[in-house]
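Undergrad: Have a look at this one before I ask anything.
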Amino acid sequence: MTIESTTNVEYGFGTKAIHAGAPIDPTTGAVIEPLSLSTTFAQSEPSKPVGLYEYSRSANPNRDNFEAAVAALEKAKHAIALSSGSATTALIIQSLPMNSHIISGGDVYGGTHRYFTKVGVTHGVTSTFVGNLVEDLESKIQENTKLVWLETPSNPTLTVTDIAKVASILKNHEAKTGSKILLAVDNTFLSPYISNPLEHGADVVVHSVTKYINGHSDVVMGVLATNSDELHDRFRFLQNAIGSIPSPFDSWLAHRGLKTLHLRVRQAATSAQQIAQFLTQHPAVLKVNYPGLKSDPNHEIVVKQHRDSLGGGMISFRINGGAKAASTFTSSTKFFTLAESLGGIESLVEVPAIMTHGGIPKEERESNGVFDDLVRVSVGIEDTDDLIEDVRQALEKASK
Ligand SMILES: *Cc1c(COP(=O)(O)O)cnc(C)c1O
C-alpha cells in the first residue's frame, strides 16, 4: 500500500506515519526503502533521464520519500527538507525581497534570533520582536513587513500562542491594504502529532527535524511544509539553488524515526504532564511553565489547538536558589542528561540563560522570562516513575 501525501485522504496519524512516502520497492519488493546514495542518474539522451532523477542535490528518492511523509503528517500539499532547522529558517528569510521587515515572537529559538539579527541584516532584513503577537502585532506592521515568525509553545518559557488569531490579524491586514504577510510557524516543540499549524491559518510550518521528528538525537535536519503551490515553487527553487540539503542517509534515518513519532510524543507528553504536576507541588520550585497544566494561562488555546489537549514533552521551571541551584539540579539528575537540544527518546535538561539562550542580551532575555534560575527539561520516553524520582532527588540536592 502507498499513501500519497494528499490532504483529502484522512487516515489516522499512525497509519500515515508508517505508510506515507513508503512505497514497496517495485524491483526487489523491499518493505523498507533502499538507501539511494548515487549523486547522479543516467539519461537515455541529453536531458532525458532514465527515471525520475537527474542529480541528487535537486532531488533524490530518500529525500522525496521523507518529504512525502512529513507532508502527510502536517496535512500539507508540499514539504521541503533541508540540512538543518536553521537552514530552513535561512531559506525562508532568503526567499523574502531585499529590505524586508520581520515581526517575530519574543522568546524564539536562540539561533532564529541570531539569524534574524546577525545574518538577515546583510540583505537588509530588519526584525521586531514582540512579547505577545496577538496583542502587539497590528501596531508593529510596517509597509515592508513580509513575514511573521511564530513559535508555539515558545522557547524556553512555553507560552502558547493562538495561531488562528494571528492569522486573522494578517488576513484583515491583507483585506485592507492588499499586501500579503506570510505567517511561518515553528512547530518543532510540538511535532505534527500534537499540532498542525496550517490548519489554523499558517502559510508555512517549520521543523527542526533534529528534535521530535527524527527523535533519536542522531540526525541534524530541517523541513518546511506548505499548501501553497507558489510558495512551494519558490522554496523548491531555493533548496536546489542554495544547496543546503540533507544527505540521503540522513533523510532515510529521519524517515525511520518519524514512523514512531506518535508513540514517542504521546509517551513523552504523558510523562511531562505528571512531572509538571509534581513540580508545581514541590517547595523548591518557584514557577512551572507547562501548557498541559490546567492552571497554565493559555490552557484554553491548548484545548483547541493541540491534539487531546496534550502539553508536549517540554517543561521549564524556576528553581529556588538562583543560578547555583539551577546548576546543581542540572548536574545532579541521573536520567536527564545535561545537554542542549530536545525531542529525543532520552531525557535532557539544561539552563537556557547560559546555554541555548546565552547569546541573547540579559535584559531582553529576562523580559521574556528567561532568568538565571530557569531550568528547561526535555522529557524522553523512559519510565515515568523513574523520571519523577530522578527529578525529586535532584531537587533535594539543589535545595541543600
Ligand atoms: C533546534 C531548533 C531550531 C534549529 O534547528 P537545527 O536543526 O538545530 O538547526 C529551530 N527552532 C527550534 C524551536 C529548535 O528547537
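Every number in this text was worked out from the coordinates using simple rules, so none of it is lab data. All of these numbers come straight from a predicted model, not from anything done at the bench. Here the Cβ is made from the backbone with ideal geometry for all residues, glycine too, and neighbour counts use every protein chain on show.
Undergrad: Restricting things to alpha carbons, tell me how big the range 261-399 is in terms of Rg and Dmax, in Å.
TA: Just the Cα atoms of the range 261-399 yield Rg and Dmax of 14.2, 39 Å.
Undergrad: Under the Karplus relation 6.51 cos²θ - 1.76 cosθ + 1.60, θ = phi - 60°, what is the ordered set of whole-Hz ³J(HN,Hα) values for the range 383-400, x standing for Gly and Pro?
TA: 5, 4, 4, 5, 5, 4, 4, 5, 4, 4, 5, 6, 5, 4, 4, 6, 9, 6
Undergrad: Continuing with the same structure: What list of ³J(HN,Hα) couplings, whole Hz, do you get for the range 147-157 from phi and the Karplus terms 6.51, -1.76, 1.60, once you set θ to phi - 60° and write x for glycine and proline?
TA: 8, 10, 10, 10, 10, 9, x, 6, 10, x, 8
Undergrad: A follow-up question, please. Which ³J(HN,Hα) values in Hz, rounded to whole numbers, follow from the phi angles of the range 177-189 under the Karplus curve 6.51 cos²θ - 1.76 cosθ + 1.60, where θ = phi - 60° and Gly and Pro get x?
TA: Values per residue, Gly and Pro as x: 10, x, 10, 8, 10, 6, 10, 10, 10, 7, 9, 3, 5 Hz.
Undergrad: Related question: Could you give the distance between the Cα centres of the range 290-329 and the range 89-108, to the whole Å?
TA: 27
Undergrad: Another question, then. Running a GNM on the chain with Cα contacts under 10 Å, which residue among 154, 316, 36 ends up with the highest mean-square fluctuation?
TA: For the chain, modelled as a Gaussian network with Cα springs under 10 Å, the answer is 36.
Undergrad: Where does helix 261-280 land angle-wise versus the long Cα axis of the chain, in degrees 0 to 90, nearest 10?
TA: Tilt relative to the chain: about 10 degrees.
Undergrad: Could I ask something else about it? In the range 97-205, which GluC sites (Glu not before Pro) are in a loop and have at most 16 other Cβ atoms within 10 Å, using DSSP for the loop call?
TA: Hits after loop and neighbour filter: 143.
Undergrad: When the chain is fully extended, how far beyond the present Cα-Cα distance does residue 168 get from residue 180, taking 0.36 nm per residue of separation?
TA: Stretched out fully, the residue 168 to residue 180 stretch lengthens by 3.1 nm.
Undergrad: Quickly estimate the mean residue ellipticity at 222 nm for the chain, helices only: each DSSP H run with n ≥ 4 gives -39500 (n - 2.57), and the total goes over all residues, rounded to 500.
TA: Computed mean residue ellipticity for the chain: -11000 deg cm²/dmol.
Undergrad: Round to the nearest 0.05 the FRET efficiency obtained for residue 24 and residue 256 when R0 = 22 Å and r is the Cβ-Cβ distance.
TA: Working from the Cβ atoms, E equals 0.85.
Undergrad: Also: Under a point spin-label approximation (7 Å from Cα along Cα-to-Cβ), what is the residue 323-residue 139 distance to one decimal in nm?
TA: Here the modelled spin labels are 3.3 nm apart.
Undergrad: Roughly speaking, what is the stretch gain from residue 236 to residue 392, that is 0.36 nm per residue apart minus the C-alpha to C-alpha distance, in nm to one decimal?
TA: The residue 236-residue 392 span can extend by a further 51.3 nm.
Undergrad: A further question follows. Share of antiparallel DSSP beta bridges in the range 28-157, in percent to the nearest 5?
TA: The antiparallel fraction comes to roughly 25 percent.
Undergrad: Next up: Which cross-chain or sequence-distant (5 or more) residues have an amide H under 5 Å from the amide H of residue 129, H modelled 1.01 Å from N in plane?
TA: Here 104 satisfy the definition.
Undergrad: Taking the Cα atoms only, what angle lies between the long axis of helix 85-94 and the longest principal axis of the chain, rounded to 10 degrees?
TA: Compared with the principal axis, the helix lies near 60 degrees.
Undergrad: Compactness ratio of the chain: Cα Rg over 2.2 N^0.38 Å, N = residue count?
TA: 0.99
Undergrad: Another question, if that's okay. Compare 377, 220, 204 in a GNM of the chain, Cα atoms joined below 10 Å, and give the one with the largest fluctuation.
TA: 220
Undergrad: Residue 281 to residue 128: extension gain in nm, 0.36 nm per residue of separation minus the Cα-Cα distance?
TA: 51.4 nm
Undergrad: Of all DSSP beta bridges in the chain, what percent run antiparallel (nearest 5)?
TA: 55
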